[in-house]
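Novice: Before I ask anything, let me first share the structure, which is written out below as structure tokens.
The values are calculated or read from the model by the stated rules, or taken from the named source; none is laboratory data. Since we're looking at a predicted model, the values are computed, not measured. No Cβ is skipped: glycine too gets one built from the backbone with ideal geometry, and neighbour counts run over all protein chains shown. Heads up: the accessible areas ignore ligands, DNA and RNA and are worked out on the full protein's heavy atoms, side chains in. Shrake-Rupley method; radii C 1.70, N 1.55, O 1.52, S 1.80 Å.
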Amino acid sequence: MSTDTPFACPKCRQPLSPPGRDALLTCACGATYPHLRGVRRFVDAEHYSGSFGYQWNHFSRTQLDSANGSTRSRDAFVERTCWSTGELQGKRILDAGCGMGRFAEVCADAGADVYGIDLSSAVDAAAANLGARPNVQISQADIFAPPFAPASFDYIYSLGVLHHTPSTQRAFQSLVPLLKPGGRMAIWVYWDRLARVMPGSELLRPLTSRLPKPLLLSLCRVAVPLYHLHTIKGLGLLTSAALPTSMDPDPAWRVLDTFDWYSPRFQWKHSVDEVRGWFTAAGFDDLATSALPVGVSGRKLA
Ligand SMILES: C[S@@+](CC[C@H](N)C(=O)[O-])C[C@H]1O[C@@H](n2cnc3c(N)ncnc32)[C@H](O)[C@@H]1O
């Protein structure tokens, strides 16, 4: 693992010292960043991302491969990034919006040096899951003010995250400078067609995202058996358009994914051409598109 540190002050971009893994970081501008409960803290509030803090601390291990004995998160990582895990060995990687750390675990298992950031208290779940690993560092930080020096990472990925920020494209653009020339970046965001096939949730979300989180979670538990109705040929098309719930085969994942669908403050959707256009405009080539839209990856031109 590399011994130098990529951390830089999110306010003024100067390097932070000392390089110690668990130390209080200080900047010449006077800013300090503590290491609390296993997490380096570059923000002191969750801002709009509180639903995710609640979600990932509640479902802190449901989707973690090492906890559920599956390879579902590894498979999703490979599918959405269009990368193989074999290419990640020894690479310094940023997981932007790491949640409880399921994809960071995949990269750490592949031998990468992983830096996970998340705006929400999901970082506490991620640190509990992965913080003991020498090749994983979790920070509570904002993609729009990332605590890293330019050109720090060989790989950057952000899966299921950027469409939950105030601006998907601006969030993408704020990550690009952190990538080394020749480095690879992958993002996966929601597809614009989802809004058309699930109009019911588009209408409901302004209300559901304002509900107290425990109440919404209880409603999701009640709604999730609709799954069986949604599987009925013909009728299911209507019921799932009106009141969509997750169609995951695992009941626990269904509750989690349904909460995830109805709770976020921001949830933008995009076309494949639009996202490919962002990569091209930002100076990427070698673009690949995932089978499950919208995942795009590319190489930053040197
Ligand atoms: C749907 S979750 C996905 C988590 C993880 N990538 C996964 O797929 O399991 C979206 C995550 O993005 C995080 N997030 C949203 N806005 C962010 C921002 N500006 N900076 C960092 N993380 C952010 C949320 O807190 C949340 O944990």
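Novice: Restricting attention to the range 29-57, and to residues there that are of a type in the set (Phe, Trp, Tyr) and under 16 Å from Phe7 (Cα atoms), which single residue is most open to solvent (accessible area, probe 1.4 Å)?
Specialist: So the residue we want is Phe42.
Novice: Just one of Asp273, Asp250, Asp192, Asp286 is closer than 29 Å to His47 by Cβ and either in the same structural domain as Ser84 (by TED's automatic domain parsing) or out of contact with any Cys (no Cβ under 9 Å at 6 or more places or on another chain) (or both); which is it?
Specialist: On the way: Asp273 fails: closer than 29 Å to His47 by Cβ; Asp250 fails: closer than 29 Å to His47 by Cβ; Asp286 fails: closer than 29 Å to His47 by Cβ.
Result of the check over Asp273, Asp250, Asp192, Asp286: Asp192.
Novice: Take the residues of the range 1-23 that are hydrophobic (A, V, I, L, M, F, W, C) and surrounded by 14 or more Cβ atoms within 10 Å (Cβ to Cβ): which is farthest from Ile93 (Cα to Cα)? Explain how you work it out, then say what you get.
Specialist: We begin by selecting, within the range 1-23, every residue hydrophobic (A, V, I, L, M, F, W, C); these are 1, 7-9, 12, 16, 23.
After this cut, where a residue has to be surrounded by 14 or more Cβ atoms within 10 Å (Cβ to Cβ) as well, the list is 7-9, 16, 23.
Details: Phe7: 13, Ala8: 16, Cys9: 19, Leu16: 19, Ala23: 21 Å.
Per the stated criteria, the residue is Ala23.
Novice: Here is a further query. Just to verify a result, which residue in the range 82-97, among those that are aliphatic (A, V, I, L, M) and either free of Cβ contacts under 8 Å to residues at least 24 places away in the same chain or under 29 Å from Ser51 (Cα atoms) (or both), is farthest from the ligand (Cβ to nearest atom)? First the steps, then the outcome.
Specialist: Residues of the range 82-97 that are aliphatic (A, V, I, L, M), as a first pass: 88, 93-94, 96.
If we keep only those that are either free of Cβ contacts under 8 Å to residues at least 24 places away in the same chain or under 29 Å from Ser51 (Cα atoms) (or both) too, we end up with 93-94, 96.
Working: Ile93: 13, Leu94: 11, Ala96: 6 Å.
By that ranking, first place goes to Ile93.
Novice: Kindly evaluate Ser167 against the criterion of being near the ligand (Cβ under 9 Å from one of its atoms) and surrounded by fewer than 22 Cβ atoms within 10 Å (Cβ to Cβ). Spell out how you get there, then give the answer.
Specialist: Values: near the ligand (Cβ under 9 Å from one of its atoms): no; surrounded by fewer than 22 Cβ atoms within 10 Å (Cβ to Cβ): yes.
Against the criterion (near the ligand (Cβ under 9 Å from one of its atoms) and surrounded by fewer than 22 Cβ atoms within 10 Å (Cβ to Cβ)), Ser167 does not qualify.
Novice: Among the residues of the range 271-302, which ones are within 16 Å of the ligand (Cβ to nearest atom) and surrounded by 21 or more Cβ atoms within 10 Å (Cβ to Cβ)? Walk me through it before giving the result.
Specialist: Narrowing the range 271-302 to residues within 16 Å of the ligand (Cβ to nearest atom): 290, 292-297.
Hits for the range 271-302 are Val294, Gly295, Val296, Ser297.
Novice: Restricting to the range 240-264, and then to whatever is more than 16 Å from the ligand (Cβ to nearest atom) and open to solvent by less than 30 Å² (accessible area, probe 1.4 Å), can you tell me which residue is nearest to Gly53 (Cα to Cα)?
Specialist: If we filter the range 240-264 for residues that are more than 16 Å from the ligand (Cβ to nearest atom), which is where we start, we get 240-245, 247, 249, 251.
Within this subset, residues satisfying the condition of being open to solvent by less than 30 Å² (accessible area, probe 1.4 Å) are 241, 244-245.
Details: Ala241: 28, Pro244: 23, Thr245: 21 Å.
Taking the candidates together, the pick is Thr245.
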